[in-house]
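The values are calculated or read from the model by the stated rules, or taken from the named source; none is laboratory data. From a predicted model like this one, the values you see are computed outputs, not experimental measurements. Here Cβ is always computed from backbone atoms with ideal geometry, including for glycine, and neighbour counts include all displayed protein chains.
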């Protein structure tokens with residue numbers, strides 16, 4: 001079964017008081033404050049540190065081009081964009097894998113043997129990623145934001161909903177994910 005500890009983020013935040021006086025540029029200050037959290041969110045979706053950092057860089061680049069820096073919802077926009085961009089990476093990889101598999105499979109070759117524990121863990125991660133990609137985007141985003149360490153208030157800001165609705169919607173999203181994982185897992 002799935003291990004819930006794998007979904008606990010390790011975010012190292014830089015205290016705002018340590019950043020503000022040293023960095024006069026507001027965008028750079030926002031970047032220093034939010035980059036670790038954006039990477040952690042993307043990492044929870046992708047389970048790949050370098051891919052998560054790539055997603056975070058893309059998110060900040062899009063933010064810099066499109067969003068007003070004075071917007072108080074900047075952090076929420078960054079968090080939601082991190083989830084959506086990471087989910088798009090998964091979907092793109094899935095399509096690429098399907099194309100490659102369709103053209104490169106040789107049924108005569110036996111699969112390579114891997115250590116059992118690593119294989120089970122990798123399959124669990126892939127199954128959760130596949131189940132997340134099958135969920136509605138808003139549901140997957142809600143799960144990823146919450147399990148990336150964001151508070152209910154931060155999740156509500158990122159998704160544009162009331163804080164009081166986050167708990168109910170989160171419970172429903174968890175149940176939907178559980179059903180997706182169980183539906184796809186052979187007994």
Output the residues belonging to region 155-168 that are buried (at least 21 other Cβ atoms within 10 Å of the Cβ) and over 12 Å from residue 79 (Cβ atoms). 166
Failed condition for residue 124, given (1) modelled with pLDDT of 90 or more; (2) closer than 28 Å to residue 172 by Cβ: (1)
Within region 15-60, considering residues that are touching a helix residue (DSSP H, G or I) at 6+ places or on another chain (Cβ under 7 Å) and exposed (fewer than 14 other Cβ atoms within 10 Å of the Cβ), the one modelled with the highest pLDDT: 49
I'd like the full set of residues that are assigned to a helix (DSSP H, G or I) and within 14 Å of residue 30 (Cα to Cα), limited to region 63-76. 63, 64, 74, 75, 76
Residue hits (region 61-70; in contact with a helix residue (DSSP H, G or I) (Cβ under 7 Å, 6 or more places away or on another chain) and closer than 25 Å to residue 139 by Cβ) are 62, 63, 67
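Select, from 127, 180, the only residue that is farther than 17 Å from residue 43 by Cα, surrounded by 12 or more Cβ atoms within 10 Å (Cβ to Cβ) and in contact with a helix residue (DSSP H, G or I) (Cβ under 7 Å, 6 or more places away or on another chain). Let's see the steps before the verdict.
Numbers: 127 fails: farther than 17 Å from residue 43 by Cα.
On inspection, the qualifying residue turns out to be 180.
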Of everything in region 132-154, what is in a helix (DSSP H, G or I), surrounded by 13 or more Cβ atoms within 10 Å (Cβ to Cβ) and over 13 Å from the mean Cα position of the chain (by Cα)? Give them in sequence order. 134, 152, 154
From 133, 151, residue being over 26 Å from residue 94 (Cα atoms) and free of Cβ contacts under 8 Å to residues at least 60 places away in the same chain: 151
